Amino acid sequence: MIRSGARREAIAAEAAAARKAMAAGDQGAAYRHLERAHILEQPWAGLHSWSHWAMLKLAVGDGDVREAAGQLVRLAAGCLLSVAGWLPAGNTGRARVSAIRAMPIPEDLRRLCES
C-alpha cells in the first residue's frame with residue numbers, strides 16, 4: 001500500500017468528518033467516515049489503531065457489545081499487522097466483517113491507495 005501526502009490529507013479529512021459526526025451524535029456518519037479512514041490508514045500502525053480506538057468509543061457509547069469486543073481484538077492485533085504489512089486491502093475495520101477479509105476499495109479511495 002502506498003504512503004503519500006495526498007493519502008494522509010484524505011485520512012485527516014475523514015478523521016475530522018468522523019469527529020464532527022460523533023460530536024453531533026450521528027453514529028452512522030461517524031462509522032462511515034471511520035471505515036473510510038481505516039481503509040486509508042492501514043499502512044501506518046498508529047493511525048490504523050486510532051480508527052479502531054474511535055470505533056471502540058462509538059460502540060461503547062452505543063452499548064454495542066459485539067462491536068466493542070471486535071474493536072478490542074482489532075486494537076490488539078491491528079498495530080502488529082500494520083507493522084508486518086499483512087493487511088486485507090479495503091477492509092473497513094468493523095466487527096461485522098472478518099478482520100482478514102479483503103474488500104473492494106471505494107473508487108475515490110482507490111486512487112490514493114494505488115498511486
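For this structure, a couple of remarks:
- Whole-Å semi-axes of the ellipsoid equivalent to the chain (Cα gyration tensor, √5λ, descending): 21, 17, 12
- Sequence-distant contacts, meaning Cα pairs under 8 Å at least 6 residues apart, place the relative contact order of the chain at 27 percent.
- Local net charge near residue 41, Cβ-Cβ under 11 Å (Lys/Arg +1, Asp/Glu -1): +2
- Length available on full extension from residue 20 to residue 107: 0.36 nm per residue minus the Cα-Cα distance, which gives 29.0 nm.
- Paramagnetic reach from residue 27 (point 7 Å along Cα→Cβ, amide N under 11 Å) across the range 56-94: 58-68
- Here the range 55-105 is treated with +1 on each Lys and Arg Cβ and -1 on each Asp and Glu Cβ, and its dipole about the Cα centre works out to around 80 debye.
Taken together, the values in this text are just the output of simple stated rules run on the coordinates, not laboratory data. The shown structure was predicted, so the numbers you read here are calculated from the model rather than taken from an experiment. Positions of Cβ are backbone-derived with ideal geometry, glycine not excepted, and every protein chain shown enters the neighbour counts.
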